[in-house]
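As structure tokens, the structure follows; a few thoughts come after it.
The values are calculated or read from the model by the stated rules, or taken from the named source; none is laboratory data. Since this is a predicted model, take the numbers as computed values, not measurements. Positions of Cβ are generated from backbone atoms using ideal geometry, with glycine treated the same way; all protein chains shown enter the neighbour counts.
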Amino acid sequence: MADEVETVLLAFGPHDRRERIGNLDLRVIGNPWYVRGQRGNPIALSMLAHLRGADVVHCHQRHLLATSLGALACRATRRPVFVTDLGGGGWDVSAFVSTDRWFNGHLHLSEYSRTHSGHGSLPFAHVILGGVDTQRFSPGDAIAHNGTVVFAGRILPHKGVNDLVAAMPPELELKIIGRVADQRFLSDLHRMAAGKHVTFRHDCDDAELVQAYRDALCVVLPSVYRSMYGDETSVPELLGQTLLEGMACGRPVICTRVASLPEIVEDGVCGFIVPPNDPVALATRIAWLREHPAETAAMGRAARQRVLDNFTWPRVVRRCLEFYAGGQVKTKARPAHRN
């Protein structure tokens with residue numbers, strides 16, 4: 001966004017800070033109050049002074065008290081305000097009253113997100129998709145892969161990693177890469193992986209993650225609505241960022257027919273879509289990719305092209321600017337992105 005228009009990213013942290021990162025003006029509000037002690041729900045009244053200097057405000061998380069307060073302040077000062085739901089959230093007035101019309105527009109990451117939010121028929125709700133840095137996430141020089149299967153993401157039950165572990169043949173390696181968000185689930189995955197070639201990495205930096213994608217036979221995101229513990233969630237994936245990263249690295253992907261994931265993957269073109277909670281289906285598709293190297297390579301090329309055509313950050317920015325303008329805002333306006 002900062003490469004197109006003057007942009008301020010307003011965030012919260014332990015200390016006040018202001019920094020210039022390329023064209024981006026980063027401003028951090030220090031020592032915020034955490035609503036009901038929720039670390040992911042910071043707020044500070046001083047943010048209102050920052051918002052007064054913006055021509056457009058785009059909030060990146062819907063169900064937070066700071067977002068609702070910011071929306072009210074913007075509407076009171078006739079300043080256009082937009083919001084993108086990134087999943088999760090904290091205590092907020094939106095749990096008690098609808099805040100839909102507090103915003104000039106809802107800019108969703110997927111059609112699934114728009115529909116699930118009840119915005120499918122609303123004229124001010126649009127889909128901007130998500131993006132990937134296609135220079136960082138790229139195929140690299142090597143064309144061959146080392147035969148590993150990669151899962152990248154938070155270690156949570158609704159990610160369905162247990163189905164992937166169950167699907168893995170003993171002769172292939174599975175790399176599970178991601179931050180641990182559920183220790184019980186991690187312990188159960190270790191138990192299930194006994195006797196199989198499964199590697200757990202919780203400390204990969206960006207370069208190591210990119211290399212893991214590049215080396216992989218395929219990248220798998222086996223998310224589920226119903227976890228192995230019987231818990232259910234209706235919103236397991238609003239987008240599926242790690243699929244896009246693997247695709248940008250030129251690797252075919254396998255995902256489940258869950259939430260937004262079928263919007264990313266063209267079944268049989270850049271990867272496969274399988275039913276959720278189905279290790280046999282996962283195993284069948286992994287085996288097919290291993291046994292058809294030419295077709296697998298073609299799928300990888302198609303996967304990267306799909307990202308280039310639809311899921312780059314410049315394309316997301318252009319969609320945002322288009323919808324800002326649709327709200328009677330000039331595209332040369334100065335947006336403040338509150339995160």
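Below is a table of values for the structure above.
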item	result
Residues of segment 226-254 that turn out to be surrounded by 21 or more Cβ atoms within 10 Å (Cβ to Cβ), under 21 Å from ASN310 (Cβ atoms) and of a type outside the set (D, E, K, R), as a count	14
Residue under evaluation GLN211, criteria (1) more than 15 Å from the chain's Cα centre (by Cα); (2) crowded, with 24+ Cβ neighbours inside 10 Å; (3) in a helix (DSSP H, G or I), criterion not met	(2)
Number of positions in segment 151-166 that are under 25 Å from the mean Cα position of the chain (by Cα), farther than 11 Å from SER223 by Cα and either assigned to a helix (DSSP H, G or I) or outside the structural domain of ALA287 (by TED's automatic domain parsing) (or both)	1
Selection count where residues are surrounded by fewer than 22 Cβ atoms within 10 Å (Cβ to Cβ), closer than 24 Å to ALA259 by Cα and hydrophobic (A, V, I, L, M, F, W, C), scope segment 92-118	1
Meets criteria (surrounded by fewer than 18 Cβ atoms within 10 Å (Cβ to Cβ), part of a loop (DSSP other than H, G, I, E, B), assigned by TED's automatic domain parsing to the domain that holds VAL161 and under 17 Å from the mean Cα position of the chain (by Cα)) for SER223	no
Those residues of segment 273-305 which are closer than 25 Å to ARG114 by Cβ and buried (at least 18 other Cβ atoms within 10 Å of the Cβ), in sequence order	ILE273, VAL274, PRO276, ALA303
Residues (of a type in the set (Lys, Arg) and over 13 Å from ALA152 (Cα atoms)) located in segment 171-203	ARG184, ARG191, LYS196
Those residues of segment 67-85 which are surrounded by fewer than 18 Cβ atoms within 10 Å (Cβ to Cβ) and assigned to a loop (DSSP other than H, G, I, E, B), in sequence order	THR77, ARG78
Residue check, GLY250 assigned to a loop (DSSP other than H, G, I, E, B) and of a type in the set (Gly, Ala, Ser)	yes
Any hit, segment 212-221, residues being under 21 Å from ARG251 (Cβ atoms) and either free of Cβ contacts under 8 Å to residues at least 12 places away in the same chain or among the charged types (D, E, K, R) (or both)	yes
Filtered residues of segment 72-121 (kept if at pLDDT 95 or above, of a type in the set (A, V, I, L, M, F, W, C) and within 24 Å of the chain's Cα centre (by Cα))	VAL81, PHE82, VAL83, TRP91, PHE103, LEU107, LEU109
Failed condition for ILE176, given (1) in the same structural domain as ALA248 (by TED's automatic domain parsing); (2) in contact with a Gly (Cβ under 6 Å, 6 or more places away or on another chain)	(2)
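Residues are listed down the side, and each one gets a yes or a no for (1) surrounded by 14 or more Cβ atoms within 10 Å (Cβ to Cβ); (2) in the same structural domain as GLY70 (by TED's automatic domain parsing); (3) in contact with a His (Cβ under 6 Å, 6 or more places away or on another chain); (4) of a type in the set (Lys, Arg):
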residue: ASP16; (1), (2), (3), (4): no, yes, no, no
residue: ILE21; (1), (2), (3), (4): no, yes, no, no
residue: LEU24; (1), (2), (3), (4): yes, yes, no, no
residue: ARG27; (1), (2), (3), (4): yes, yes, no, yes
residue: GLY30; (1), (2), (3), (4): no, yes, yes, no
residue: GLY37; (1), (2), (3), (4): no, yes, no, no
residue: ILE43; (1), (2), (3), (4): yes, yes, no, no
residue: SER46; (1), (2), (3), (4): no, yes, no, no
residue: HIS50; (1), (2), (3), (4): yes, yes, no, no
